[in-house]
Amino acid sequence: MSIQVTSLSKNYGEQKAVNDISFSARKGQIIGFLGPNGAGKSTTMKMLTGFLKPTEGEIKINDIDVIANPISAQKTIGYLPEHNPLYLEMYVREYLQFQASIFKVDKSQIESVIEKVGLTLEASKKISQLSKGYRQRIGLAAAIIHNPDVLILDEPTTGLDPNQLVEIRELIKELGKEKTVLLSTHIMQEVEAMCDSVIIVDKGEIVINKPLSELKNQKEQVLNVMFDYKIEEQFLQRLPNVKTIKNNFDNSWLLTFSSDEDMRPKIFDFAQEHELKILELNSENKNLEKLFRELTN
Ligand code: ADP
Ligand code: MG
């Protein structure tokens, strides 16, 4: 396993910031670590990268025990911390040379990393001159400079403008082809755009850990249907698996179903059986954002 976390907890005084979480990641997975502010994402990531001692639990990265051997574990981990601390007075190349020296990486590697993250034209500029998007690229470059197998990225896209956002997402997806990535975010859309799996945390605990495809499926189905004839809400209760019924206007209804099965054919059967005609039928986009809000209050 690339990442193996077992019964991990962190208390700050009385507060349980991380409370008995366990999860694992296989090589090549991009996992979204999703949760509202204060859920315990950064605390977990600091423990995973060996910068914070857990109160309890075990962490293995690439089969190395992080608590017992933080230095050897860190050689296989690339970490982009939450606020991406950079030395603003340094030049981009100079900063990356400095980062490379920490890991005793050969200087010849630096240019290929600069190219990989798209910093070729900025390499000779001062970090303070660069936009937030370019600064994130520098953070990512620093994170991969020693060619680690596992990347831990703490809110890598927070504070970026829409164009920068797309660029950094693409870059992370590209990096994810050869590495295992755990990235935190408080935005569900981010997970949909980049990840193949999602762990949702709330108040220090894992509330969901699923492949994205399964998460999409387990959701309720939302259908809008318009009949040709006025009917009573009670009548619609007879629909199989129907969960909620709401009148949009006139003969148009918003129906939710708790079923994986496509309910549209069932609605046609139902209409025919009761001599109704369907004038309109459409399914609403599956709204993972809504699910996230429900799970995390
Ligand atoms: P997230 O990254 O999901 O926003 P954090 O891991 O930063 O959450 O924080 C989780 C909880 O732990 C929050 O309630 C936060 O206030 C608290 N916390 C984080 N760091 C410290 C610290 N050094 N000392 C005390 N409490 C902390
Ligand atoms: Mg955080």
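Name the residues whose placed amide hydrogens come within less than 5 Å of the amide hydrogen of Leu153, ignoring near sequence neighbours (fewer than 5 apart) on the same chain.
Leu80, Leu182, Leu183, Ser184
Specify which residue in the list Val113, Thr296, Phe257 is farthest towards the positive end of the charge dipole of the chain, using unit charges on the beta carbon of Lys, Arg (+1) and Asp, Glu (-1), about the Cα centre.
Looking along the dipole axis, the top candidate is Val113.
Can you give the FRET efficiency for Asn282 and Asp161, using 1/(1 + (r/R0)^6), R0 = 22 Å, r = Cβ-Cβ distance, to the nearest 0.05? Before the final figure, lay out the partial values.
Working: r = 33 Å, r/R0 = 1.51.
After rounding to 0.05, the efficiency reads 0.10.
How many percent of DSSP beta bridges within the chain run antiparallel, rounded to 5?
Values: 38 of 56 bridges.
Percentage antiparallel, nearest 5: 70.
So for the chain, averaging the separation of alpha carbon pairs under 8 Å that are six or more residues apart and normalising by length, what relative contact order in percent results?
The normalised contact order for the chain reaches 20 percent.
Using a simple spin-label model with points 7 Å from Cα along the Cα→Cβ vector, what separation in nm is obtained for Tyr229 and Leu88?
The modelled label-to-label distance comes out at 7.1 nm.
Arrange the peptides 83-92, 49-58 so that the one whose residues have, on average, the most other Cβ atoms within 10 Å appears first. Working shown, then result.
Details: 83-92: 14.8, 49-58: 16.4.
Ranking, from highest mean packing down: 49-58, 83-92.
Test of understanding: what is the full-extension gain from Ile71 to Glu220, defined as 0.36 nm times their sequence separation minus their Cα-Cα distance?
Net length gain for the segment: 49.0 nm.
Only Lys, Arg, Asp and Glu count, each charged at its Cβ (+1, +1, -1, -1), so figure out the dipole size of the chain about its Cα centre, rounded to 20 debye.
Working: 36 positive and 42 negative charges, 191 e Å.
Its charge dipole is roughly 920 debye.
With +1 on each Lys and Arg Cβ and -1 on each Asp and Glu Cβ, how big is the dipole of the stretch 218-296 about its Cα centre, in debye rounded to the nearest 20? Provide the component values of the computation, followed by the final result.
Numbers: 11 positive and 15 negative charges, 48 e Å.
That gives the stretch 218-296 a dipole magnitude of about 240 debye.
Run down the lysines and flag those whose C-alpha is under 23 Å from the C-alpha of Lys16, throwing out any fewer than 8 positions away in its chain.
Lys41, Lys46, Lys53, Lys60, Lys203
Roughly how many debye, to the nearest 20, is the charge dipole of the stretch 1-147 about its Cα centre, given +1 on each Lys and Arg Cβ, -1 on each Asp and Glu Cβ, and no other charges?
The calculation lands at about 280 debye.
Along the charge dipole of the chain, pointing to its positive end and built from +1/-1 on Cβ of Lys, Arg, Asp and Glu, which listed residue (Asn224, Ile145, Tyr95) has its Cα farthest out?
Sorting the options by dipole projection puts first Tyr95.
How many nm is it between the label spots at Ser101 and Asn11, if each spot is 7 Å from the Cα in line with the beta carbon?
Inter-label distance under the simple model: 4.3 nm.
Suppose each label sits 7 Å from its Cα in the direction of the beta carbon; what would the Lys243-Glu289 distance come out to in nanometres?
With each label placed 7 Å out from Cα toward Cβ, I get 1.9 nm.
Using only helices, what value at 222 nm comes out for the chain when you add -39,500 (n - 2.57) per DSSP H run of length 4 or more and divide by the total residues, to the nearest 500 deg cm²/dmol?
Only helices count here, giving -9000 deg cm²/dmol.
Trypsin sites (Lys or Arg not before Pro), restricted to the stretch 18-56: which are DSSP loop and have at most 15 other Cβ atoms within 10 Å?
Arg26, Lys27
Once phi is turned into θ = phi - 60°, what whole-Hz ³J(HN,Hα) does the Karplus curve with 6.51, -1.76 and 1.60 give for every residue of the stretch 220-237, x standing for Gly and Pro?
6, 8, 10, 10, 9, 9, 10, 9, 8, 9, 6, 10, 8, 4, 3, 4, 6, 4
Computed from the coordinates by the stated procedures, all read-outs in this text should not be read as laboratory data. Note that the structure is predicted; figures quoted are calculated from it, not measured. Positions of Cβ are generated from backbone atoms using ideal geometry, with glycine treated the same way; all protein chains shown enter the neighbour counts.
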